[in-house]
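We did not get these values from a lab; they are worked out from the coordinates using the rules stated. Keep in mind that what you see is a predicted model, and the values were worked out from it rather than measured. Every residue, glycine among them, receives a Cβ derived from its backbone with ideal geometry; neighbour counts consider all protein chains shown.
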């Protein structure tokens, strides 16, 4: 019998990472560890999520899809993706600026890497004072102008910074230049892809004195030079109901701020649903199973489960993600 699935966190040390993710998850790591990401739900070949509790504990996500097919991820999703889980669900702690980067679209990624492209979205869980991020160009440009500015070390003049605050949401389609700035704790929903083209990395060196690889030509082929839109999403929060943040062919993401018990009916969804906790705590219950969902955790609701109850311990903010 399928039940709501929680997975072991997959922590990723990054040059730009910090301490917030393991602290919020109450996980001990080495004192000098700089954790940049937690893959909360992942089907990447190199990082397949493993169930952390319940009757299916120890099973990995790929095995579960092969065993349960549409009952787990939805018939329409299984028909489209087979045993490949289509989304990567993660949390990001930017203790330093991430590189300025861009991702290819599906067609480009298929030709060059035999992989999915990467469209994604960000929800700001926490932002320190004066935190910001880059999303889109400061003005419409051209490949020729960008290349010239890059050669002359003036690339930052083309970048548009946006101040960030808790709750800010940005939609980042493939081709949009972007970077998460220091001081941001982010929940990210993206296509299952690990393809990133770094454009500029602020001349940083790793602990061995090496610069990270840049991908100028690949980035040039992928960038949307006319994209000067911030991608910021405007929305009005209403307690105890689902409010849409972003919707595209790859995913739909809503936000739920639950201050009292509420029931969700996914009968007509025909997709798995992932609930990402971005603050607070709650219990997630079905007719025969209950699990806790704490800060910075995620739970996957199988497509065969139609009704779910959310019971906050005081209040909780959840991102509700499905296809």
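What the table below lists for this structure:
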item	result
Cα centroid separation, the range 21-45 to the range 134-152 (Å)	34
Computed P(r) (all Cα pairs; the range 242-322; 10 Å bins; percent)	19, 57, 23, 1
The chain - mean residue ellipticity at 222 nm from DSSP helices (-39,500 (n - 2.57) per run, n ≥ 4, rounded to 500)	-4000 deg cm²/dmol
When the convex hull of its Cα atoms is projected in every direction, mean area for the range 99-173 (nm²)	6.3
Most mobile of 80, 174, 303 in a GNM of the chain (Cα contacts under 10 Å)	80
Pairwise label distance in nanometres, residue 147 with residue 26, each label 7 Å out on the Cα-Cβ vector	5.6
Residues listed by number, the range 1-23, amide nitrogen under 18 Å from residue 67 label point at 7 Å toward C-beta	1-8
Gained length - residue 217 relative to residue 112, 0.36 nm times residue gap less alpha-carbon distance	36.6 nm
Theoretical gain in end-to-end length, residue 128 to residue 12 [0.36 nm per residue, Cα-Cα removed]	39.6 nm
Two-site label geometry, residue 52 and residue 243: point separation in nm, points 7 Å out along Cα→Cβ	2.8
The range 233-250 versus the range 181-219: alpha-carbon centroid distance in Å	28
Three principal axis lengths of the chain [C-alpha, angstrom, descending]	63, 41, 41
Cα-derived Rg over Rh, computed across the range 43-160 with Rh taken as Kirkwood radius	1.08
